[in-house]
Amino acid sequence: MKTISLYNRTSTLGGTYFLLLVNRTQMHYFVLIMPVYLVHSYMVWGIVVMGLLSQINLMMLSKWFTSSYAAKGYQGFVQLFGKRTVQVIAIFGFLIILLKISIITLGYVEMLHSFMYPSMNKKWLILAILLISLFVTSHGMEKTLRFVVIAFLCGAWIAILFIPFFFTQSANYRDLYPLIPTEWSEKSWLGLLFIWSALSGPVYLAFMVPWLSSNKKVLKYLVIGNMLTIMEYSLLFIASVLFYGSNYLSKINFPVVHMGGYIQTSGLERIDYILISFHMFNYVFDISILLLCLYGAGRVFMRKMNERTTRIGLLSSWLVILISIISMDQWLWETVPGQKMLLNTQIWLGAFIYLLVPTILFTAVKRKESM
């Protein structure tokens, strides 16, 4: 059984990486369908409010990032919670990560299939995305984390292309009213939950601290990364409301991608194809990081932390993901009720995890330090 060094560390990544990691882990599949869930113009305040609440969570996470326990990785978790508790957490973590990888992959593949490859079997698209992610993952945690620079450079500028939608002749600023809701429905609450869940990506960074710098100023970079996300979310949502109007916005899938087809340039056509292709780098980064977390969680609950990582172990984790995605696609994703069930499950789980994990880690560290 050939070994492979997936979790070796040769250096730690500085504060700028925190900024990029926070921003990119918050910009994934959900941002492409966000306007459908928010619909009403006043939900822009929901983005701002949830973003500010996210800052509180990042403050709690910064306490964990700078603690001595986080720097020890697995041993730090054992010191805080005990070995058996960590194993139980790893089992739940494995299932949660598996679900998240499956849903974001199915979402991106659905978009590729709808806009670029309608005649291709979706299973080939799933396989292609996962093979690329496996290649990135095989270079180890440190290099995969560095891949965030490429993901950022390939994706951060996309939101800027939507600024012209603010100034088109069809942009009706009356669609931005009311800015204060005259009524509040269950769908509005679900919209807030959706935003909170979409912002939950940085919670997985809590398990990658050994590869990240424990600089005391890390909070500054976390805050800036989160603020960039709020700006991107707000820009894309307002542009969508101006372009479609609230009445039509709730009736269209992938509104942000459809808008890309209306971007006018002098030398390029089908800008939406280009945007979808560049967005793939962010998906590959997201899936690669989560695959490493999945493999790590599997090693914890199978009590193999003292053994070296192997190609067979990584490939086995990858195959579990592949089987899970294909099964979900065949039995659930193809139907509207099944797709809604998967998305709502991920929304609730993501929101719950983002509320729970930072609070538990912050409380555990404070309690240990006070003893």
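Between Asn121 and Lys72, what is the label-to-label distance in nm when each label sits 7 Å out along the Cα-to-Cβ direction?
Placing both labels 7 Å beyond Cα along the Cβ direction yields 5.1 nm.
Defining a contact as two alpha carbons under 8 Å apart and six or more residues distant in sequence, what relative contact order in percent does the chain show?
Once divided by the residue count of the chain, the mean separation gives 42 percent.
State the Cα centre-to-centre distance between the range 184-201 and the range 269-287 in whole Å.
Computed from Cα coordinates, the inter-centre distance equals 25 Å.
Straight-line reach from Lys143: which aspartates and glutamates have Cα under 15 Å away, leaving out those fewer than 8 places along the same chain?
Asp286
Listed here are the pairs Lys63/Lys83; Lys100/Lys304; Lys63/Lys368; Lys217/Lys368; Lys187/Lys340; Lys72/Lys366; which of them are more than 19 Å apart at the Cα?
The answer is Lys63/Lys83; Lys100/Lys304; Lys217/Lys368.
Can you tell me the equivalent ellipsoid semi-axes for the chain? Use √(5λ) from the Cα gyration tensor, largest first, whole Å.
Equivalent ellipsoid of the chain: 34, 24, 19 Å, largest first.
Restricting everything to alpha-carbon atoms, can you work out Rg to Rh for the range 53-181 with a Kirkwood hydrodynamic radius?
1.08
Only helices at least 27 Å long along their axis, Cα-based, and averaging 0.0 or more on Kyte-Doolittle count here, so list those DSSP H runs from the chain.
Flagged H segments are 43-65, 83-115, 218-244, 271-301, 336-370.
Using only the Cα atoms, what convex hull volume per residue in Å³ does the range 153-266 have?
Enclosed volume per residue, from the Cα hull, is 160 Å³.
How much length, in nm to one decimal, is gained on full extension between Lys83 and Thr12, taken as 0.36 nm per residue of separation minus their Cα-Cα distance?
Gain on stretching Lys83 to Thr12: 22.9 nm.
Between Lys187 and Tyr262, what is the label-point separation in nm under the 7 Å Cα-to-beta-carbon projection?
It works out to 2.0 nm between the two label points.
What is the gain in length, in nm to one decimal, between Val149 and Ser5 on full extension, counting 0.36 nm per residue of separation less the C-alpha to C-alpha distance?
Gain on stretching Val149 to Ser5: 49.7 nm.
Figure the gain on full extension for Phe166 and Leu131 (residue separation times 0.36 nm, minus the Cα-Cα span) and round it to one decimal in nm.
Full extension from Phe166 to Leu131 adds 8.7 nm.
Can you give the FRET efficiency to the nearest 0.05 for Leu332 and Arg311, using r as the Cβ-Cβ distance and R₀ = 35 Å?
After rounding to 0.05, the efficiency reads 0.70.
Extending each Cα 7 Å along its Cβ direction at Lys366 and Trp157, get the distance between those two points in nm, one decimal.
Simple spin-label model gives 4.4 nm for this pair.
Where a number appears in this text, it was derived from the coordinates with a stated rule and is not lab data. Quick caveat, the model's predicted, so the values are computed rather than measured. Cβ: placed from backbone, ideal geometry, glycine included. Neighbour counts: every protein chain shown.
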